[in-house]
Amino acid sequence: MENEKVLYKQVCETIVKNLPIGFTVIDEEGIVINFNDSAEGITGYKKEDIIGQSHLEIFHGTSDKNACPLLSHLFDLYKPIDAIESKIKNKNGDEIILLITAAPIFDSKGTFMGGVELFRDITKIKKLERERQYLFSALVHDMKNPITASLGFLSRILAGKADEQKQKDYLELVVGELITVEQLITNFLDFAKIEAKEMRLIPTPFDLNAAVEQQVKNMEIIAKEKNIQLIAERPDREMPKIVVDGAMIQRVIINLLDNAIKFTKAGGSVTVRLMDQKKDLLVEVIDTAVKIPRDQFPYIFEPFYRGMREQKGSGLGLFIAKKIIEAHGGKIWIKNANGKGNIFGFSLPK
């Protein structure tokens with residue numbers, strides 16, 4: 001019988017130690033009496049730091065029982081709690097969100113002895129949910145503006161209120177607005193593929209020089225609307241073709257050009273430069289926009305990052321560009337231009 005008790009205790013300890021989720025036991029005074037390895041990883045606290053300490057004071061910075069609705073529920077109502085979200089502070093002082101299941105503990109006589117909690121960190125999941133919600137709202141909002149503008153221009157044409165030249169001007173504006181909508185939708189779909197790890201490369205021989213010239217031509221309408229000069233600096237010799245997913249590299253060129261035009265003020269310029277290096281081909285997009293502070297460089301290719309710049313759009317273009325270039329074994333970067341503006345560049349191996 002004694003051996004069975006020892007074995008049972010060892011089995012319980014092994015299960016608790018190897019649980020892939022946090023496990024903690026609190027006595028009737030709210031003092032932590034057990035804390036497994038996963039709980040250490042989630043909270044940043046070592047077992048020896050936490051055992052014997054008040055759950056409330058460690059994780060909520062107070063002795064007020066009402067600061068933790070879970071403890072209040074367990075201690076006052078003696079009822080279990082299933083999959084409830086709660087916020088605590090980890091050892092670094094950062095607020096994290098936990099998904100917690102808890103239950104009261106009673107002895108054989110029915111006396112309340114404390115509670116047990118099982119929890120996992122869902123901070124990243126909640127952040128992703130917020131980002132997706134924001135993305136959807138931003139997409140709808142940013143699609144509405146160009147569609148509304150296009151309808152307005154087309155209505156004027158249909159109403160016969162524009163002469164031939166005006167009609168041409170309006171149609172050019174409509175084309176520019178529809179290009180914006182197309183890019184928003186494409187970025188959204190590309191982001192969804194990247195998130196689902198469904199981005200698949202289809203490599204074929206690709207003329208990078210021809211692609212740059214074509215996209216510069218396509219973007220001329222948008223640049224013209226903003227009175228921005230769009231310049232393509234052609235290489236002084238024929239460029240070799242490279243084996244890449246042409247459609248994806250086109251997306252990178254479009255996103256970098258769109259980004260440069262978006263932030264360059266009227267009267268400025270955007271220059272695209274293509275260079276043939278020993279081991280790779282290099283593309284640079286140089287704008288005359290306000291310089292981006294260097295301390296923002298590490299974050300500029302993160303999804304939804306805007307920094308100090310006001311921006312319309314999904315906030316995904318540079319993130320998608322980075323993922324595509326890295327998937328091809330290339331590099332992408334940002335640096336400040338000499339004088340005014342910024343340089344976004346990428347390289348692809350030959």
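Within the stretch 230-249, restricting attention to residues that are closer than 16 Å to Leu348 by Cα and at pLDDT 90 or above, the residue that is surrounded by the most Cβ atoms within 10 Å (Cβ to Cβ) is Val244.
Filtered by the rule that a residue be surrounded by 12 or more Cβ atoms within 10 Å (Cβ to Cβ) and either without any contact (Cβ under 8 Å) to a residue 24 or more places away in the chain or in a loop (DSSP other than H, G, I, E, B) (or both), the stretch 190-200 gives Ala192, Lys193, Glu195, Met199. Within the stretch 221-228, can one find any residue that is in a loop (DSSP other than H, G, I, E, B), surrounded by 18 or more Cβ atoms within 10 Å (Cβ to Cβ) and of a type in the set (A, V, I, L, M)? Within the stretch 221-228 (the criterion being in a loop (DSSP other than H, G, I, E, B), surrounded by 18 or more Cβ atoms within 10 Å (Cβ to Cβ) and of a type in the set (A, V, I, L, M)), the answer is yes, since at least one residue qualifies.
Residues are listed down the side, and each one gets a yes or a no for (1) on the phi < 0 side of the Ramachandran plot; (2) modelled with pLDDT of 90 or more; (3) surrounded by fewer than 14 Cβ atoms within 10 Å (Cβ to Cβ); (4) in a loop (DSSP other than H, G, I, E, B):
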position	(1), (2), (3), (4)
Lys278	yes, no, yes, yes
Val285	yes, yes, no, no
Pro298	yes, no, yes, no
Pro303	yes, no, no, yes
Ser314	yes, no, no, yes
Lys322	yes, yes, no, no
Ile325	yes, yes, no, no
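Only one of the numbered conditions (1) in a helix (DSSP H, G or I); (2) in contact (Cβ under 8 Å) with a residue 40 or more places away in the chain is violated by Pro235, and that is (1). Residues in the stretch 162-197 that are charged (D, E, K, R) and within 16 Å of Lys226 (Cα to Cα): Asp169, Glu172, Glu177. Of the candidates Lys91, Lys87, the single residue that is part of a strand (DSSP E or B) and either loosely packed, with under 10 Cβ neighbours inside 10 Å or basic (Lys, Arg) (or both) is Lys87.
Let's see how each residue does on (1) modelled with pLDDT under 80; (2) on the phi < 0 side of the Ramachandran plot; (3) surrounded by 14 or more Cβ atoms within 10 Å (Cβ to Cβ):
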position	(1), (2), (3)
Ile42	no, yes, yes
Tyr45	no, yes, yes
Asn66	yes, yes, no
Glu95	no, yes, no
Arg130	yes, yes, no
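If Asp76 satisfies every condition in (1) part of a strand (DSSP E or B); (2) loosely packed, with under 14 Cβ neighbours inside 10 Å but one, which is the exception? The failed condition is (1).
The values are calculated or read from the model by the stated rules, or taken from the named source; none is laboratory data. For clarity, every value in this text was computed on a predicted model and none was experimentally measured. A quick note on method: Cβ atoms are made from the backbone with ideal geometry, for glycine too, and the neighbour counts reach across all protein chains shown.
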